Each structure stands twice: as C-alpha cells, then as structure tokens.
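Take a look at the structure below.
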Amino acid sequence: MHRRSFLMAATSLAGAAMLPDLAAAEPAPPAAASAANPLLAPWRGPNGGVPPFDRVRIADIGPALDAALAESETQVDAIAANPAAPSFENTVAQLERSGHAEDRVGTIYGVWTSTLSNPEVQALETAEEPKLAQHYTRLLQNDALFHRLDTVYQARDAAGLTPEQKRLSWLYWNNRVRAGARLAADSKARIATINQELARNFTTFNQNLLADEAGYVLYLTTQDDLRGLPPDVLAGAASAAADRGHPGQHAVLNTRSSVDPFLTYSDRRDLRERVWRSFYARGDSNDVHDNKQVIRQILRLRAERAQILGYPTHAHWRLEVAMARTPEAAMGLMMRVWPSAIARVHEEVAEMQAIADREHAGLTIEPWDYRYYAEKVRLDRYALDLNEVKQYLQLEKVREGMFWAAGQLYGFTFAEVHDLPTARPDIRVFQVRQAENGPHVGYWYFDPYARVGKRSGAWMNQYRPQSTFDGPVTTIVSNNANFVPGAPNEPVLLAWDDAITMFHEFGHGLHALNSQVRYPSLAGTAVVRDYVEFPSQMNERWLPSPEVLSRFALHYRTGAPMPQELRDKITRARTFRQGFDVTELLASALVDMKIHLAGGADIDPAAFERAALAELRMPRELPMRHRLPQFGHIFASDNYSAGYYSYIWAEVLSTDAVEAFREAPGGLYDPGVAQRLRREIMRVGNSVEPAIAYRNFRGRDPDVAAYLRDKGFPTT
Ligand SMILES: [Zn+2]
C-alpha cells in the first residue's frame, strides 16, 4: 500500500478530511465483493486502467470502502502470520502489493468528498472517517507485523538490501514506531481511541467551515454596490448569484476566491468591511458551526497522544520526520524572516496611507483596506494594472504554456483524450508521453471549475502512484482549481496569481509524472511535508519566463502577445506587496507551531491567537491568512499540523534551487541543470532522504539568502 497524496495550496481554505498521511496496507479483493460492488473491481481501460468515474453511485462508496478496508486487514494479517522467517520480500514487498482495492476505492472516496460533496456524501464521510482512523491504527499497531518489520529492518545491512529497499524498510518500521508499535497494550488502546476521536473532530471542523462558507452570501442589488468591480469579477458574481436563485443580482460568496477580488476592487468601503468580517469570522461566530471547542478538543487529544508516544509536544512528534527535524529549526527559520516581513508591512501601510491621504479619503488603513489600497499603489508606483495582465492569461493558453515548459524541461508531451470516464463533463484528461509518440508516462486529469460541493482553493491529487517492482505501473494525477467558468464562448481569464497557482499544482503533478522508483510508497510526492512543496513552488518560476509569456500570454481578443513593456512592469513589481503576502502566511505558520508547542495545557483558541499575535507584534492592518477557527490545513486533518511552516521552508529550497538555473548559461531552460533536477529530485521521490537529494542537486545545503533576496527583503 502506498501513502496517499493530497496536496493543498497554501492558499486553500480548508482540507476535506482526507485519508491520513500514514502508510496503510492493502488487501487483494475477494471476487464476491467485486461482483457485488463495481467500485471494488480492478480498474479497466488503457495503460493499466483508469478510475471508473462513470460507474460511481454514492450509495456504493461506503460498502466498497468497508469491504476494501476489511480486505486490506486480511491481507496484512496473512503477511503477519507467515510462518516463514521474515524477509524484505515476504514482508515489506508483500505490503507494497497489498491494499490495492483500498487504494482504488479511496481514490473515489477522496474525489467525491473533496469535489462532489452534498448531504449524502457528508453523511458518508461522517460514517467512514472514524472507521478509516481505526483501520490505520490497526495496521500500524499490528504486533505480529511489527515484529517482522523490526527483524527486516534490523537485518537490513546483512540482507544486502538495495538503498531503496533499506529506505522503504525504515519507513514502514519508523511509521509504526512513531504510531506506538513499541508501547504497552493499554497505551496502544488509548492511542487508537484518540485517533478515532480526532477523526471525528476533523470531520466536524471541516463541515462547520464548509457550512460557514456556504451559509453567508452577500447579494449586491444596486448599481452603487458594484462600484469599482471589473467586468470579470462582475461576471463571476453574476453567475454565482444566478446559481443560487438570484438571477440579475451579484453574489459575493464567503470563500477566498470570491472575497479576495472583492476586497481588491470594490470602492464601497462599508461592503468591504462586511465581506472581510464575515470571511474572517468563519468558524468563529459562537453559533452551531463554531469551531473553537472543536479546536480545544483536537489540541488536547494531540497533546495527550504525543505524551504517550514519548514526545514533549505534538510539534516535536510531527517534526521528527520532517526535513526540518525539530520545531526549533522551523521556528528559527521563520523568526529569521519575520522581522523583515513586518518591517516591510509597515512600509507598505505608510505608502497606502499616503495615497488615502492624498485622495482625502479621511481614513486609517484597516484590514479591509489593505488589498484595495495596495492595488492603488501598484498602479501608482508600477503602473501595473492586473486587469490588463489578465487579458493575456487565458486558461487554455496558460495550460498550454505549462505543458510547453514541461516539454522543455522533461521532454514530456501532452495530448487530450476524450474516451476516458470523468466525474463531470467539464473535467478533462490528458495523456502524458515521453516525447512525441514516445512511451506512456501517465494521465493528468484537470478539474478547473468551481461548483457547489467542491472544496475551495487548488490542489493536486494522485489517483495511482508509479512503480516498477511488479512490472511497470504508471501514475495518474489530477489538478483541481476553482475558476469561475466564463460566459458561453468566452475564454476564462486568469488573474496572475491564479496562473501562478496553476503552475504550482502542475509542479506537484510533474513530481509524480517524473517518478522513477521501484516501490509505490516512495513514488513522486510521497515525500515529507516541508519538502513536497519545493518542486511545485519551483515550477511557478517558469510562468514569468519570456519564453512562456511570449508564446502563450496572448491577448484574448487580438491574439497579440503580451507587450514587452507590460512584461517589464510585471518583473519590476515582483516584490510588490511581499510584506503582506509573507506576513499573513508566516503569522499562520508561527501560530500553528506555537499552539502545537504549548503541550497539554487547556487552550482557549481565541485567547491564544490574540496573545500569540500580540507577542509577535503582528501589524494590526492585516489578519493571519488562516485564523485558527478556519485553519483547515491544521485542524481538518493532522497533515499540515505543526507543518504550515512547510510552505516557507520549501520556498527557501525553491528560491535557492532556481538560482542554480539562473547561474547556468541556459538560464531557466539550461539542459544540464534541468537534467540534474530531474535525476536528483524529480525522479527519486522519497527513495532518497530529502537533505541528501537536495545536496546532490545543488552541491551544497540550501541558503536562506536566496529567499530573502527574492522577496526584496534585506539579507542581513
Ligand atoms: Zn502545493
């Protein structure tokens, strides 16, 4: 069985409660169950089969998942009970062979809960999440299996295992040690209970958040309400209103993709304040969807679990296997950046205040003014009009540009296929090959549009990992976004940041597509949290390259390429508003780490957040990117808990790595550096320890100076 990949953008709002980030074991499907439930059957179709999205009935998902979990457990029990002496082959490799039905049904379950949710799916989730938590706990706490894994791991050198086999043996062994495999029975039982209680709380957290996002809609009913909003924002707001039974009006939804443009452009300060307040009150309204008690429970359970496992705090437990290794290392990096970031915020605010004063606005910059006045600064100082940029960023062309850059770097070609099932008609599938008519590399599914029941934000999901140990298995990945569909026959135009996000998520896809490892648990994005964002952030760097912009940033009416002058403005404005961007992210990352370092104290999240921000001297003019009651990254699952710093950590890697290209004669398309990137980073997945893989690529350890330079912050 393999680890599931479900990678969220830093910008995402909430995490659907996904399968946990722990190794799970797979079972082989009993024939009777397959016959009864189509979701249990092996996937059919070309290149090893594809998900049967056309045959999914929600009512089948729960029974299929239950049967698949039972099957996994039967398989694992059989591996554990093998009378033969433990060996890599009869234990670790067998585990890699198990759980295929669980992987297949888990894929369907993940797609429905994250992109096609409705009350029926939510009920399914509520029923299944505790079972999944129990399942993972069982697999991780299986004593007989642990003894075998322990034997294989201890004998790894004598047995002549390859480096990849040794690393895989360590991963299986270490996952179990970290989950409590060496504890006494009563402690294990308590951990199992905690995991289930956590799973229940994660689901509640997420559903509260979704309810608060869906439950507050601001309808704009007069001409005056629309003042300042550019045409594409109006079009999106009109279609959102029509979808909700308010044709002819405009709706501002309580989601980031709807709120951010409104706060950027609306001339109506009173409405900006209303929208801002309801967005940052999600999960914090002291009503039935309030998340503060849920957070309190989660923190208490995590602290207790860490303590049973022998760690001072949840943060110490989580960080032990990260590239950072310790909370101190992560905090150290963040606190190195923090003073520069808030100093820059103060400069940005002063500049915005000067504009407001010049316009006799008679106001002091408040959080609901930041994006709006920053936009005025952008126009004033850089004469950069993002609406003008947007005219050159057609969704389809940006996608082609992304494909082209991947072709230059990795030799991939992409061709749309029309005969594979998708969950919705507007989801598209592309076949990836190594060179024109070359060998099949994988499939890339693209689900770009917002809809009711789809999680907000953007993310990558992996439907199947690459492997070769039992014959070649190719990967299947998807990228997901929440773009608002345009008017009929009009291209969808992307904001610059959205185009960057597309390159980012595609970077995760490329990490999976480049994978060339033997065992699926080590493939592509199955790496630690603070390293996984490195390839994706790195891929963002190819959008602004002249090679991509000149070919693919074409005006949606005239087809003319983006003028050099506009490209120069984008380059000059590169460090614009970085104070805001870095500070809002870092504030969330710091509070995440601090709250998970607080140990077993009973924590009042509201008071903790206030005190932590005060201690950090958080500028009053902007909020944390994710306030605690809405911080799905850390409270909708364990995945990013004590781990939101990962985005900054990985950005240090990616900015430093990009300089390797810049130093080379061929710049961003230098074939030698591209080859090294592919060989040392993209292909190896988790088969090599991240710090070593990085050193193999760069010839040294990462240096934070590149990151500070990139942000335009002082490096001393
Ligand atoms: Zn990412």
Take the residues in segment 521-564 that are within 20 Å of the chain's Cα centre (by Cα) and acidic (Asp, Glu); name whichever of them is surrounded by the fewest Cβ atoms within 10 Å (Cβ to Cβ). Glu540
Is segment 274-294 home to any residue that is surrounded by fewer than 21 Cβ atoms within 10 Å (Cβ to Cβ), farther than 30 Å from Ala598 by Cα, touching a Phe, Trp or Tyr at 6+ places or on another chain (Cβ under 9 Å) and touching a residue at least 40 places away in the same chain (Cβ under 8 Å)? yes
Filter segment 115-148 for residues that are small (Gly, Ala, Ser) and out of contact with any Gly (no Cβ under 7 Å at 6 or more places or on another chain); which is surrounded by the most Cβ atoms within 10 Å (Cβ to Cβ)? Ala133
Tell me which helices (runs of 4 or more DSSP H) are completely within segment 494-572 and hold 2 or more residues being away from the ligand (no atom under 14 Å from the Cβ), or say none if there are none. 496-513, 546-552, 564-572
Which numbered condition in (1) surrounded by fewer than 24 Cβ atoms within 10 Å (Cβ to Cβ); (2) farther than 30 Å from Asp243 by Cβ; (3) without any contact (Cβ under 8 Å) to a residue 40 or more places away in the chain is the only one that Ala481 fails? (2)
Scan segment 411-424 for residues that are under 23 Å from the mean Cα position of the chain (by Cα) and crowded, with 16+ Cβ neighbours inside 10 Å and jot them down. Thr422, Ala423
Would you be able to tell me the number of residues in segment 672-716 that are among the acidic types (Asp, Glu) and touching an Asp or Glu at 6+ places or on another chain (Cβ under 7 Å)? 1
Report the residue count in segment 383-417 for those that are under 21 Å from Asp267 (Cβ atoms) and not in a loop (DSSP other than H, G, I, E, B). 5
On the given criteria, is Ala423 assigned to a strand (DSSP E or B) and of a type in the set (A, V, I, L, M, F, W, C)? no
Selected residue (criterion: nearest to Gly236 (Cα to Cα)) from residues of segment 458-493 that are within 15 Å of the ligand (Cβ to nearest atom) and of a type in the set (Gly, Ala, Ser): Ala481
Tell me yes or no: at least one residue of segment 412-420 is under 30 Å from Arg557 (Cα atoms), among the β-branched types (Val, Ile, Thr) and at pLDDT 95 or above. yes
Of all residues in segment 149-187 being of a type in the set (S, T, N, Q) and out of contact with any Gly (no Cβ under 8 Å at 6 or more places or on another chain), the one that is surrounded by the fewest Cβ atoms within 10 Å (Cβ to Cβ): Thr162
Any chance Phe631 is buried (at least 16 other Cβ atoms within 10 Å of the Cβ), in contact (Cβ under 8 Å) with a residue 40 or more places away in the chain, hydrophobic (A, V, I, L, M, F, W, C) and closer than 23 Å to Thr326 by Cβ: yes
Of all residues in segment 619-635, which are of a type in the set (A, V, I, L, M, F, W, C) and out of contact with any Ser or Thr (no Cβ under 8 Å at 6 or more places or on another chain)? Leu628
Can you tell me which of Arg318, Arg296 is more than 22 Å from the chain's Cα centre (by Cα) and among the charged types (D, E, K, R)? Arg296
Members of segment 459-480 found to be among the β-branched types (Val, Ile, Thr) and over 15 Å from the mean Cα position of the chain (by Cα), listed by number: Thr468, Val473, Thr474, Thr475, Ile476
The condition from (1) in a loop (DSSP other than H, G, I, E, B); (2) modelled with pLDDT of 50 or more that Ala24 misses is numbered (2)
So Val121 fits all but one of (1) of a type in the set (A, V, I, L, M); (2) under 28 Å from Gln466 (Cβ atoms); (3) under 24 Å from the mean Cα position of the chain (by Cα); what number is the exception? (2)
Scan Arg344, Arg336 and give me the residue that is under 25 Å from the mean Cα position of the chain (by Cα) and of a type in the set (D, E, K, R). Arg336
Selection from segment 197-244 of residues more than 20 Å from Arg274 (Cα to Cα), surrounded by fewer than 23 Cβ atoms within 10 Å (Cβ to Cβ) and among the aromatic types (Phe, Trp, Tyr) yields none
So Asp284 ticks every box in (1) closer than 22 Å to Asp260 by Cβ; (2) part of a helix (DSSP H, G or I); (3) among the acidic types (Asp, Glu) but one. Which box is left unticked? (2)
So which residues in segment 353-373 are out of contact with any Leu (no Cβ under 8 Å at 6 or more places or on another chain), free of Cβ contacts under 8 Å to residues at least 40 places away in the same chain and surrounded by fewer than 21 Cβ atoms within 10 Å (Cβ to Cβ), if there are any at all? Gln353, Ala354, Ile355, Asp357, Arg358, Glu359, His360, Ala361, Gly362, Thr364
Cβ contacts < 8 Å: first residue over 30 Å from Tyr694 (Cβ atoms) and free of Cβ contacts under 8 Å to residues at least 24 places away in the same chain, restricted to segment 530-558; second residue away from the ligand (no atom under 16 Å from the Cβ) and of a type outside the set (S, T, N, Q), any location; separation 6+ or different chain. Result? Ser550/Pro561; Ser550/Met562
Condition first: of a type in the set (A, V, I, L, M) and assigned to a helix (DSSP H, G or I). Can you find one or more residues in segment 452-465 that meet it? no
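The values are calculated or read from the model by the stated rules, or taken from the named source; none is laboratory data. Note that this is a predicted model, so its numbers are computed, not measured. Note: ideal-geometry Cβ built from the backbone for every residue, glycine included; neighbour counts use all protein chains shown.
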